[in-house]
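A short worksheet on the structure shown next.
None of the figures in this text is laboratory data; all of them are computed from the coordinates on show. Note that the structure is predicted; figures quoted are calculated from it, not measured. Methodologically, a virtual Cβ is constructed for each residue, glycine included, from the backbone with ideal geometry; neighbour enumeration extends over all protein chains shown.
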Amino acid sequence: MILPDPRPVPREPSAAERAAWPVVLVSMPFMTAERPSIQLGLLKAIAEAHGWDVRTLHANLDLAHRIGAEAYRTLCEQRGQMFGDWLFSVAAFGEQAPDPDGRLLDDHAAELDLPADLLRRIRDEDVPGYLDDLVGAVSWKDVRVVGFSCTFQQNAASFALARRLKREFPHLVTVFGGANFDDEMGLEYVRRVDAIDYAVLGEGDVAFPELLSALATGADPGSVPGVAGRRGDEVVATPSAPPFERLDESPPPDYDEYFSRAEGLGLQPSAGQRTVRIPFESARGCWWGAKHHCTFCGLNGSSMRFRAKSPGRVAVELATQARRYRSFRFEAVDNILDTAYLSGLFPELIAAGTTYDIFYEVKANLTREQLRLLRQGGVTHLQPGLESLSTRVLGLMRKGVRAGQNVNVLRWGQYYGITISWNIIWGFPGESADDYRAQAAVLPHLVHLRPPAGAGRVWLERFSPLYTDKTAGVRERRPERGYRYVYPDRFDLGKIAYFFEYELADPLPDEAYAGVRAGVEAWKAAWQRATPPTLTYFSAPGLLQIYDGRHPGAEGTYTFEGDLAEIYLACVDRPISASAVRERLSRRLPLDAVEEAFAGFAERGLMFLDGSAALALALPAGATR
């Protein structure tokens, strides 16, 4: 239960009291081994700033080294049936583990990306040996607090190590947190897992140091807002504090241990050759979601409020981390780019002459000029959340963009050398078969642009409007089947699940998506050809030529002169209406003549039509400008 009012905050501990409570923060499988945990790095830096002795342990690296980096990477990427958590279920729950015989491997053999016998060996041999090594890897008798950060498939491994440590070193206090402990999920885990002493529900910037203070001074940890624990037979928690606002005060994350450990295990090259993307945080929450929560998005369960660091503070942190870790590659963990950075951060990075390689997640309404600015500022990889090429379906998602804008981001991202990562998803209440027939029809015209990584049905995530809104059109939902193979019967899966199976009240048949599915596969295959597909235009005053090399055997060049050339070039920068094009041509053509030209270009696959707006699909030849 949630207590109605927080009790007094613990007093500040003395230096001696702090020194008596050393902390180890642990990241367990299946956190990727290819970059450090920002959760560990940030909490370490914050706690040390408060005077605590904190070490980090990227224990996920040890398993990657033991089973091989490729096998480990595959398990990190396997979300569907929770194979990663299943590997640690027996170690976490002992005789209460629900699947000691490995039914998961039999029931879902078609979904396995690794051999079943390999997975059995990892569970039965590698996992016990790995945990034994971790128990001996740290002088745990000299540690007082061990903290675990849990996101996605890190729970069972964390429970397994905590169980071992509590058995061998009963003086240890275990603290859990992370996205998997948000809201009622955290309360249920504390209720059912004896190896958990306390959990931080929500952000830990303030709660974690205050929890350490309570432990060191002998105060009740339940006095700390956002901390859950047991009181007799009950699990109680005080309400969380408001979201942390003062992001400029957050120290740069400390990744020292990750690099020394990863390099020592041979999983990362030495300092002079580092290519790892250094995680950094410039903002939290989502400014778009705070106004129009995308229907399928389950991120920011309790912290949607958007907060951002100042541009100058971000620039200083990037420079600090580049010097400290000898890498110029960065990955923003933000859910969405702060638009203020387009006039602040990136011009500052350009003026400073930096040569960073940066990843960001963005909203897909970026213009050509903004994409050019981002690339000049060091952004080489964007995830704009395109999700669909149907304006109607995008409206059902509440994305706040049109299909033409999505295509335009693909165009100019490619032109300026920015890799765009995206997917097509379907399965939304209110969609129609026509929405997907129309998408399938335009896909062949887009093959010169970067294809989606995949296409498939939308996931139902906790905290998303599809999950929380009873009128959203989801008729039935239940925790994904994988949870049943991991957690004992005593767990209420409805309280701990983040992913859910579901049925729509009025679903489309699966064949309605067949055209899009096939079109995406053909698009991806086109990018595997020795000669990549291209659609390029050359222009001079009054003359336009478009070379079409999208489809082998159908290559050719279109030539347009006069008004047709001007109409096409007017649609190059962004989607634009026929009436706006007519104004650009000083109204010398009737509106229907412009619309007729749009239709002719679209019939040849040279334009993308989005309602009354048209977008040229060809990219300029020659040097970028």
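The string of couplings for region 522-529 from the Karplus curve (6.51, -1.76, 1.60, θ = phi - 60°) is 5, 4, 4, 5, 4, 7, 9, 5 Hz, one whole number per residue in order, with x for Gly and Pro. Highest mean first, the peptides 233-239, 511-517 sorted by other C-beta atoms within 10 Å per residue fall in the order 511-517, 233-239. Amide H to amide H, with H built 1.01 Å from N, LEU619 comes under 5 Å of LEU535, THR536, TYR537, counting only residues 5 or more places away or on other chains. Computed from the alpha carbon positions, the gyration tensor of region 277-345 leads to an equivalent ellipsoid with semi-axes of 25, 14, 9 Å, biggest first. Helix 38-49 axis versus longest C-alpha principal axis of the chain: approximately 50°, rounded to the nearest ten. Here the Kirkwood formula puts the hydrodynamic radius of region 535-620 at 12.9 Å, using every distinct Cα pair. A Cβ-based charge dipole, computed about the Cα centre of region 535-620 with Lys and Arg at +1 and Asp and Glu at -1, lands at about 180 debye. Mean sequence separation of contacting Cα pairs (under 8 Å, at least six apart), scaled by the length of the chain, corresponds to a relative contact order of 12 percent. Rounded to the nearest 0.05, the FRET efficiency derived from the C-beta distance between GLN528 and ASP142 at R0 = 51 Å is 0.40.
A cut-off of 5 Å between modelled amide H atoms, ignoring neighbours fewer than 5 places along the same chain, links VAL26 with LEU57, GLY147, PHE148, SER149. Computed over region 535-620, relative contact order equals 29 percent, with contacts defined as Cα pairs under 8 Å that lie 6+ residues apart. Note that region 390-402 has calculated 3J(HN,Hα) couplings of 10, 4, 5, 5, 4, x, 5, 7, 6, 6, x, 9, 10 Hz, one per residue in order, obtained from phi through the Karplus relation 6.51 cos²θ - 1.76 cosθ + 1.60 (θ = phi - 60°); glycine and proline are x. Taking label positions 7 Å along the Cα-Cβ direction at both THR380 and HIS551, the computed distance is 3.5 nm, reported to one decimal.
Among the listed pairs LYS309/LYS363; LYS141/LYS495; LYS470/LYS495; LYS399/LYS470; LYS44/LYS141; LYS291/LYS363, a Cα-Cα separation exceeding 25 Å is found for LYS141/LYS495. Averaging the Cα positions of each part gives two centres, and for region 294-315 and region 124-154 these lie 31 Å apart. You can think of it this way: the chain between LEU564 and ARG120 has 153.4 nm of extra reach, that is 0.36 nm per residue less the Cα-Cα gap. Computed extension length for HIS292-ASN423: 45.1 nm, one decimal, from 0.36 nm per residue of separation with the Cα-Cα distance subtracted. Between ARG588 and GLN414, the FRET efficiency estimated from the beta carbon spacing at R0 = 35 angstrom works out to 0.60.
As I understand it, the value is the acute angle between the Cα axis of helix 155-168 and the longest principal axis of the Cα atoms of the chain; what does it come to in degrees, rounded to 10? The angle comes out near 20 degrees.
What fraction of the DSSP beta bridges in region 15-237 is antiparallel, stated in percent and rounded to the nearest 5? Let's see the in-between values first.
Details: 7 of 22 bridges.
Percent antiparallel among DSSP bridges in region 15-237 is about 30.
If you take every DSSP beta bridge fully contained in the chain, what fraction is antiparallel? Give it as a percent rounded to 5. Percent antiparallel among DSSP bridges in the chain is about 50. Based on alpha carbons, the Rg and Dmax found for region 529-574 are 12.0, 37 Å.
From the Kirkwood radius over Cα pairs of region 1-147, Stokes-Einstein at 25 °C and 0.890 mPa s returns a whole-number translational diffusion coefficient of 138 µm²/s. In this label model, ARG481 and ALA110 are separated by 0.9 nm, measuring between points 7 Å along each Cα→Cβ vector. Counted by Cβ distance under 14 Å from ARG326, the other residues give a net charge of +2, where Lys and Arg count +1 and Asp and Glu count -1. For the chain, the cysteines with no partner cysteine C-beta closer than 4.7 Å are CYS76, CYS150, CYS286, CYS571. Annotation: amide H-H contacts under 5 Å for SER577 (H modelled 1.01 Å from N, sequence separation of 5 or more, or interchain): ALA614.
Across every direction, the projection of the convex hull enclosing the Cα atoms of the chain has a mean area of 30.2 nm². Under the criterion of Cα pairs below 8 Å and six or more residues apart, the relative contact order for region 15-237 equals 22 percent. Ranked by how many other Cβ atoms sit within 10 Å of their own Cβ, fewest first, the residues VAL316, VAL146, VAL227 fall in the order VAL316, VAL146, VAL227. Couplings 3J(HN,Hα) for region 303-310, derived from phi with the Karplus relation 6.51 cos²θ - 1.76 cosθ + 1.60 (θ = phi - 60°), are 9, 5, 3, 7, 9, 9, 6, 5 Hz, where x marks Gly and Pro.
Computing FRET efficiency as 1/(1 + (r/R0)^6) for ARG167 and GLN273, where r is the C-beta to C-beta distance and R0 is 60 Å, gives about 0.90. Counted by neighbouring Cβ atoms within 10 Å, the residues GLU369, GLU48 run from fewest to most as GLU369, GLU48.
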